[in-house]
Each structure stands twice: as C-alpha cells, then as structure tokens.
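One structure below.
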Amino acid sequence: MQWTSIIAIYVLFWVMCAFVLLPFGVRTHDEMGIEKIPGQADSAPANFRPRRVVLIASLVAAVVTTIYVLNYENGWVTVDDINFFTPPDLS
C-alpha cells in the first residue's frame, strides 16, 4: 500500500471519528446552570472543547488506520470471510 493511500485512509477515519466524538461530554447552559445570552439556542454547548476532540480523534484514527493497514497487508479478514449471502462450499 502506498503512503499516500495510508494518509487518505487516515484522514477519512479522522473525519468519521471527529463527527462521532462531537456530542460526547458537551453540556448545555441549562445543564451547567449558566445564564444564557438572549437569542441563544437552547441546545448551544457551554463547554465545547475542540482541542480535546481533535486529540482523541487523532489517536483513535491512528489506531484504526494501523489495524486497517495491517489487515490489508496480512489478509486477516477478507471479503470471503464476511460474505453472509452465499452458502459455503461444502464439497
């Protein structure tokens, strides 16, 4: 696998991880007991920490990319292993 492919796969995993991690640990102003600004949405986060999301997404994406590349190189799980629609050949 080329290194450019690995970088592209890492970026894809990073974006997916970042979007999955965004809602975790975020609280609204009502939940934290902080006064809202007039016109503010009720669901607006009061404690959004983008550095935390970036750090955790980077670590998780690095681990998932490593597992993906190792599986690609070693062939641990293939398409034939996860094909549930055709019956196995018993002959």
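Could you identify the single residue in Gly33, Gly25 that is modelled with pLDDT under 95, surrounded by 12 or more Cβ atoms within 10 Å (Cβ to Cβ) and out of contact with any strand residue (DSSP E or B) (no Cβ under 8 Å at 6 or more places or on another chain)?
Gly25 is the lone residue from the list that is modelled with pLDDT under 95, surrounded by 12 or more Cβ atoms within 10 Å (Cβ to Cβ) and out of contact with any strand residue (DSSP E or B) (no Cβ under 8 Å at 6 or more places or on another chain).
Which one of these is free of Cβ contacts under 8 Å to residues at least 60 places away in the same chain and touching a helix residue (DSSP H, G or I) at 6+ places or on another chain (Cβ under 7 Å): Val64, Val11?
Unique residue meeting the criteria: Val64.
Quick check on my filter: what residues within region 68-77 are surrounded by fewer than 12 Cβ atoms within 10 Å (Cβ to Cβ) and of a type in the set (Val, Ile, Thr)?
Val77
What are the residues in region 38-66 that are assigned to a helix (DSSP H, G or I) and exposed (fewer than 11 other Cβ atoms within 10 Å of the Cβ), if any?
Pro50, Arg51
Of the numbered conditions (1) in a loop (DSSP other than H, G, I, E, B); (2) under 12 Å from Ala18 (Cα atoms), Trp76 fails exactly one; give the number of that condition.
If we test Trp76 against (1) in a loop (DSSP other than H, G, I, E, B); (2) under 12 Å from Ala18 (Cα atoms), just (2) comes out false.
The values are calculated or read from the model by the stated rules, or taken from the named source; none is laboratory data. Fair warning: this is a prediction, and the values are worked out from it, not measured in the lab. Glycine also receives a Cβ, built like all others from the backbone with ideal geometry; neighbour counts cover every protein chain displayed.
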